[in-house]
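A.B. asks: Attaching a single structure in structure tokens format; questions to follow.
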Amino acid sequence: MDDIDKKIINALQDGFPICDAPYRQVAMQLGLTEQELINRLKALLDNGTLTRFGPLYNAEQMGGALTLAAVKAPEQRFDEITDIINDFPEVAHNYARSHELNMWFVIATETPEQIQQTINAIEQQTGLTVYNMPKNQEYFVNLKLEA
């Protein structure tokens, strides 16, 4: 990652314009061409520097639901369990943890009822118990990570 990539990452954490040519507008602000910005974002995604580039929606305000979930994945099946869970389009992110519950993931669905359906399907496919940990209260942190 070079200084231009860092500028891109830092700038885009503050928002992305809603207009006819948002990439062009951001590129101009950064002193790049539109295609250079798009190519660099693609490269950052392809090489794993960025895992995702896109909007954040408040699923609950749109009628959907979110929950934090975890499983006790046996070490010898960890990669297999990761692949199974990550294949669910409802799984937003998945993290390994040094804990008895060693795999934590976020489930996002279009309706609250689909949370339990997704949990049931994950349990069926993995043979593991999914521990559902819905939030009690939401806090806005506005986390920005300086590249």
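The values are calculated or read from the model by the stated rules, or taken from the named source; none is laboratory data. Because the structure is a prediction, the values reported are computed rather than measured. Please note that ligands, DNA and RNA were not included when accessible areas were found on the heavy atoms of the full protein model with its side chains. Shrake-Rupley method; radii C 1.70, N 1.55, O 1.52, S 1.80 Å.
A.B. asks: Any idea what log10 I(q)/I(0) is at q = 0.14, 0.23 Å⁻¹ for region 1-88, Debye with uniform C-alpha scatterers and no solvent?
C.D. replies: -0.72, -1.11
A.B. asks: Name the residue, out of 83, 46, 20, whose mean-square fluctuation peaks in a Gaussian network model built on the chain with Cα pairs under 10 Å.
C.D. replies: 20
A.B. asks: Dimensions of region 90-147 along principal axes (Cα, Å, largest first)?
C.D. replies: Cα extents, longest axis first: 40, 30, 22 Å.
A.B. asks: For the chain, which whole-number percentage of the solvent-accessible area (1.4 Å probe, protein heavy atoms only) is attributable to carbon and sulfur atoms?
C.D. replies: 51 percent
A.B. asks: Grab the eigenvalues of the alpha-carbon gyration tensor for region 41-131, scale each by 5, take roots, and send me the semi-axes largest first in whole angstrom.
C.D. replies: Rounded to whole Å, the semi-axes are 22, 20, 11.
A.B. asks: Okay, moving on. Note the angle between two axes, namely the Cα long axis of helix 34-46 and the longest principal axis of the Cα atoms of the chain, as a number of degrees from 0 to 90, rounded to the nearest 10.
C.D. replies: 30 degrees
A.B. asks: Still on this structure, please answer the following. What lysines sit close enough to residue 72 to cross-link, taking a C-alpha to C-alpha distance under 28 Å and skipping anything fewer than 8 places away on the same chain?
C.D. replies: Correct list for residue 72: 135.
A.B. asks: Sorted by accessible area with a 1.4 angstrom probe, largest first, how do 93, 99 fall?
C.D. replies: Accessible-area ranking of 93, 99, largest first: 99, 93.
A.B. asks: Under a GNM of the chain (C-alpha, springs under 10 Å), which listed residue has the highest mean-square fluctuation: 108, 65, 21?
C.D. replies: The residue with the greatest mean-square fluctuation here is 21.
A.B. asks: What accessible area per residue comes out for region 46-147, rounded to a whole number of Å², with a 1.4 Å probe?
C.D. replies: So region 46-147 comes to 71 Å² accessible per residue, rounded to a whole number.
A.B. asks: At a probe radius of 1.4 Å, what is the per-residue accessible area of residue 135, in Å² to the nearest 10?
C.D. replies: My reading of the accessible area for residue 135 is about 90 Å².
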